[in-house]
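The values are calculated or read from the model by the stated rules, or taken from the named source; none is laboratory data. The structure displayed is predicted, hence computed values, not measured ones. Positions of Cβ are generated from backbone atoms using ideal geometry, with glycine treated the same way; all protein chains shown enter the neighbour counts. Accessible surface areas use protein heavy atoms only, side chains included; no ligands, DNA or RNA. Shrake-Rupley method; radii C 1.70, N 1.55, O 1.52, S 1.80 Å.
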Amino acid sequence: MKATAKAHTNIALIKYWGKRNDRLILPTNSSLSVTLDRFYTVTTVDFDKERTEDVFYLNGELAPEKETKKVSTYLNKVREFAGVELFASVFSENHVPTAAGFASSASGYAALSAASTKAIGLNLTPRELSQFARIGSGSACRSIYGGYVEWQMGEKNDGSDSYAVPLLDGKEFPIAVLSVMVNASEKKVLSREGMKRTVETSPFYQGWLESAEKELVEMKHALTLRDFTRLGTIAEKNALKMHATTLGADPPFLYWQSGTLQVMDAVENLRSKGLEAYFTIDAGPNVKVLCQPSDVEKITAQLKEVPSVQHIYPCQPGPGVTYLDGVHIADVNNRGDLDG
Ligand code: FM0
């Protein structure tokens, strides 16, 4: 009982920031992302009746106990749902620069959910798979689909209406996302812990919720219009508001480091010179710069001059989950709820 799946990371243009249920990973706001072509995880799951415990290999090496435990806890949910009691060997290859603080939980859990549910014999729809990925890591539910994707928060307590839907194929609105890695020290507050602290203690959190809801509507409108200026402007504002909530938390924290600010500044300078670029930032010091595909070279050349910039990875919208045989389980040509 074996299957292999490949899933890509995604970058949120409207961020998911806060949970209303930690166990089922139900969010307090809907979010919107674009799946990226460049960074991905390939995972093979093999359920075997000879095994007496789960074993997890990450990038060819036996993973540390803590990581194996996370995978095992996730597989328990899959086993429980399928009514199967077999243990598994899991092999994951992460093509994401994790050491640099780039998030790999989205591609990781999207690939693990797809491979494990298929291997155990569940024949899930993409929507059900998105829900399965969600209970591993919230942002993973969006990586089931390619292109532009919305995670609809839902309202039910059992999570049955909280899943991602594809909005628009990347080819229909090509943009570039430059992943800019800056010199930085270790991330101090993990996103899971950071969002929890913010929900519980930040007086700015209510403001975040109100704005995120409005900005999501505006972002979907920008996608309908294929309006890059709107897309970038809204994404940048939304990221700034998410980070503002952390300053109000108790104890307060901030993901930006001096290198982050240098890149934010450089992006503003590019704009004042007439080169259209916008930034967005997740729960870490690195920056994603959004620009038009035709400006990638010019903007990359300018950003390379910023002293804190270590590396720039140019990305484009990428595909959803595929199995090793190359079958797209979730074909985004099935255009979603953009105008709905
Ligand atoms: O991706 O606690 O999915 O919408 O990256 O595992 O559900 O790692 F900027 C922050 C990602 C949050 C925004 O959180 O959390 C986004 C963030 P989990 P995730």
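Springs between Cα atoms under 10 Å define the GNM used for the chain, and in it the highest mean-square fluctuation of 196, 237, 171 occurs at 171. Comparing 82, 114, 277 in a Gaussian network model of the chain, where Cα atoms under 10 Å apart are tied by springs, the biggest mean-square fluctuation is seen for 82. Computed from backbone phi, the HN-Hα couplings of region 114-130 come to 5, 5, 6, 5, 5, 4, 7, x, 7, 10, 8, 6, x, 5, 5, 5, 4 Hz, rounded to whole numbers (Karplus: 6.51 cos²θ - 1.76 cosθ + 1.60, θ = phi - 60°; Gly and Pro given as x).
Projecting the Cα atoms of 253, 123, 314 onto the charge dipole of the chain (Cβ charges, centred on the Cα centre) puts 253 farthest toward the positive pole.
In percent, what relative contact order does the chain have, based on Cα pairs under 8 Å that are 6 or more apart in sequence?
About 24 percent, as a whole number.
Figure note: 197, 79, 230, 23 ranked by solvent-accessible area, largest first, 1.4 Å probe, ligands and nucleic acids not counted: 23, 230, 197, 79. Taking 0.36 nm per residue of sequence separation and removing the Cα-Cα distance, the residue 156/residue 2 pair yields an extension gain of 52.1 nm.
Here the gap between residue 254 and residue 294, fully extended at 0.36 nm per residue and compared with their Cα-Cα distance, gives a gain of 11.1 nm. GluC sites (Glu not before Pro), restricted to region 176-285: which are DSSP loop and have at most 13 other Cβ atoms within 10 Å? Qualifying residues, ordered by number: 186. From the Kirkwood radius over Cα pairs of the chain, Stokes-Einstein at 20 °C and 1.002 mPa s returns a whole-number translational diffusion coefficient of 106 µm²/s. Evaluating kT/(6 pi eta Rh) at 37 °C and 0.692 mPa s, with the Kirkwood radius of region 176-315 over Cα pairs in the Stokes-Einstein relation, gives 209 µm² s⁻¹. Rounded to the nearest 20, the size of the Cβ-charge dipole of region 12-78 about its Cα centre is 540 debye, with Lys and Arg at +1 and Asp and Glu at -1. Of the solvent-accessible surface of region 176-315, computed with a 1.4 Å probe and all protein chains present, 53% belongs to carbon and sulfur.
Here's how it looks for residue 39: its modeled amide H is under 5 Å from those of 9, which are all 5 or more places away or on a different chain. Only Lys, Arg, Asp and Glu carry charge here, each on its Cβ (+1 for the first two, -1 for the last two); on that basis the chain has a dipole of about 240 debye about its Cα centre.
For region 176-315, the Cβ-based charge dipole about the Cα centre amounts to some 140 debye (Lys, Arg positive; Asp, Glu negative; other atoms uncharged). In the context of the full set of protein chains, region 196-296 has a per residue accessible area of 44 Å² (1.4 Å probe).
Number of Lys-Lys pairs in region 176-315 with C-alpha atoms under 19 Å apart and a separation of 8 or more places or on different chains: 14. The modelled label-to-label distance for the pair residue 66/residue 185, using points 7 Å beyond Cα in the direction of Cβ, is 1.8 nm.
First check a/c for region 187-248, with a ≥ b ≥ c the square roots of the eigenvalues of its C-alpha gyration tensor; if it is under 1.5, answer rounded, and if not, answer prolate when a/b is larger than b/c or oblate otherwise. Prolate. Annotation: residue 250 carries an accessible surface of approximately 110 Å², with a 1.4 Å probe and no ligand, DNA or RNA atoms counted. A simple rule links phi to the HN-Hα coupling: the Karplus curve 6.51 cos²θ - 1.76 cosθ + 1.60 with θ = phi - 60°, which for region 260-266 gives 4, 5, 4, 5, 4, 4, 4 Hz, with x for Gly and Pro. Once you have a ≥ b ≥ c as the square roots of the Cα gyration tensor eigenvalues for region 112-232, tell me rounded if a/c is under 1.5, and otherwise prolate or oblate according to whether a/b is larger than b/c. Here region 112-232 falls in the rounded category.
Simple rule: put +1 on each Lys or Arg Cβ and -1 on each Asp or Glu Cβ in region 176-315, find the dipole, and look at 176, 270, 198; the Cα lying farthest toward the positive end is 176. Of 40, 16, 57, the residue with the greatest mean-square motion in the GNM of the chain, using alpha carbon springs below 10 Å, is 57. If a spin label sat at a point 7 angstrom from the Cα of residue 95 along the line to its beta carbon, the backbone N atoms of region 3-22 nearer than 11 Å would be those of 6-9.
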